[in-house]
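None of the figures in this text is laboratory data; all of them are computed from the coordinates on show. Since this is a predicted model, take the numbers as computed values, not measurements. Cβ: placed from backbone, ideal geometry, glycine included. Neighbour counts: every protein chain shown.
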Amino acid sequence: MGRRHHSKLAKLNRSTKERKSLFKIQLRQLIELGKITTTVAKAKVIKRLFDKLAAKATDGTLAVRRNIAAQLSSPKTANRLVDFIIPIMGGRRSGFTSIQKVGIRKGDSTLTASLTLVVPLPPEPEKIKKVIKAKTK
């Protein structure tokens with residue numbers, strides 16, 4: 001078996017299963033929170049993967065939702081991406097996220113970066129209703 005040249009994703013000193021799991025978790029967190037802080041190398045990979053998912057989600061068909069849900073292992077997160085995040089982006093075809101270097105992590109002196117969505121997310125209607133109900137009680 002020969003080596004696969006020009007492999008596209010960084011290995012990040014992890015096995016294949018660990019790497020796929022890491023990417024899946026960080027993609028879900030980015031969709032749910034709108035911002036994550038991680039190392040620069042991971043942020044670059046997650047940016048590429050998210051931009052591909054977001055470009056795919058612009059269609060909004062059922063097949064696309066199912067494909068995204070299979071990649072993220074979460075239909076709820078896939079629906080949030082298609083229904084909530086993509087309409088806010090305003091017809092973008094690419095460039096859904098941005099990377100900003102934050103600083104150096106204290107434990108191992110690794111450069112960290114903040115990966116954020118280009119358009120800030122407004123608070124969800126469900127959360128607003130919960131806050132209003134809590135205040136009235």
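What to note about this one:
- Cβ-based exposure ranking for Lys101, Lys42, Lys17, in which fewest neighbours within 10 Å come first: Lys17, Lys101, Lys42
- Residues whose amide H lies under 5 Å from that of Thr97, counting only those 5 or more places away or on a different chain, are Val118; hydrogens are built 1.01 Å from N in the peptide plane.
- Base-10 log of normalised Debye intensity for the chain (one unit scatterer per alpha-carbon) at q = 0.11 Å⁻¹: -0.48
- Charge dipole of the chain (Cα centre as origin; +1 on each Lys and Arg Cβ, -1 on each Asp and Glu Cβ, all else neutral): 360 debye, rounded to the nearest 20.
- Spin-label pair Asp51/Glu32, simplified geometry with 7 Å Cα→Cβ offset, distance in nm: 2.6 nm
- Within the chain, the whole DSSP H helices whose Cα atoms reach 24 Å or more along their own axis and whose mean Kyte-Doolittle score is at least -1.0 are 16-33, 40-57.
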